[in-house]
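For reference, the structure discussed in these notes is given below.
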Amino acid sequence: MSRAVLSLWILALLGACDRGGGPDLTREEVIALATAAAEAQKINLSQYTRPEASYKIRDDSWFVSYECNMSAPPPGCHLDVRIEDSTRSATVFPGE
């Protein structure tokens with residue numbers, strides 16, 4: 001392999017790894033997207049605690065969890081939202 005081809009191959013590899021396989025979105029952006037998706041489904045987020053967001057590298061997705069903030073919450077009083085990092089699409093999973 002010529003030196004020029006090897007150099008191009010190494011540069012391409014480094015470019016593909018420049019983010020280290022991590023997410024493009026920030027935690028704050030993800031929570032804002034999850035909040036907008038839940039509110040679009042008419043979910044009253046004042047009944048929930050501040051959400052927690054975690055990134056799953058295997059799925060390239062974020063999961064945002066909301067827990068009910070009532071002292072005696074009814075069954076199913078939780079909410080999860082999945083955000084795909086690359087597309088920013090959101091899927092809301094209300095508690096059951």
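The values are calculated or read from the model by the stated rules, or taken from the named source; none is laboratory data. Keep in mind it's a predicted model, so treat the numbers as computed, not measured. All Cβ positions, even for glycine, are placed from backbone atoms using ideal geometry, and neighbour counts span all protein chains on display.
Considering region 71-96, the residues that are without any contact (Cβ under 8 Å) to a residue 60 or more places away in the chain and exposed (fewer than 11 other Cβ atoms within 10 Å of the Cβ) include one that is nearest to residue 23 (Cα to Cα), namely 87. Filtered by the rule that a residue be within 16 Å of residue 43 (Cα to Cα), assigned to a loop (DSSP other than H, G, I, E, B) and acidic (Asp, Glu), region 66-96 gives a lone residue, 96. When residues of region 42-54 are filtered for being buried (at least 17 other Cβ atoms within 10 Å of the Cβ) and assigned to a strand (DSSP E or B), how many remain? The total comes to 2. When every residue of region 10-19 is checked against the conditions, none turns out to be surrounded by 10 or more Cβ atoms within 10 Å (Cβ to Cβ), modelled with pLDDT under 90 and in contact with a strand residue (DSSP E or B) (Cβ under 7 Å, 6 or more places away or on another chain).
From the set of residues in region 19-52 that are of a type in the set (Val, Ile, Thr) and in contact (Cβ under 8 Å) with a residue 24 or more places away in the chain, which is nearest to residue 88 (Cα to Cα)? Checked region 19-52; the qualifying residue nearest to residue 88 (Cα to Cα) is 30.
Taking the conditions exactly as written (at pLDDT 95 or above, assigned to a loop (DSSP other than H, G, I, E, B) and surrounded by 10 or more Cβ atoms within 10 Å (Cβ to Cβ)), does residue 33 satisfy them or not? So residue 33 fails the test.
Within region 60-70, the residues that satisfy the criterion of being surrounded by 14 or more Cβ atoms within 10 Å (Cβ to Cβ) and on the phi < 0 side of the Ramachandran plot are 61, 62, 63, 64, 65, 66, 67, 68.
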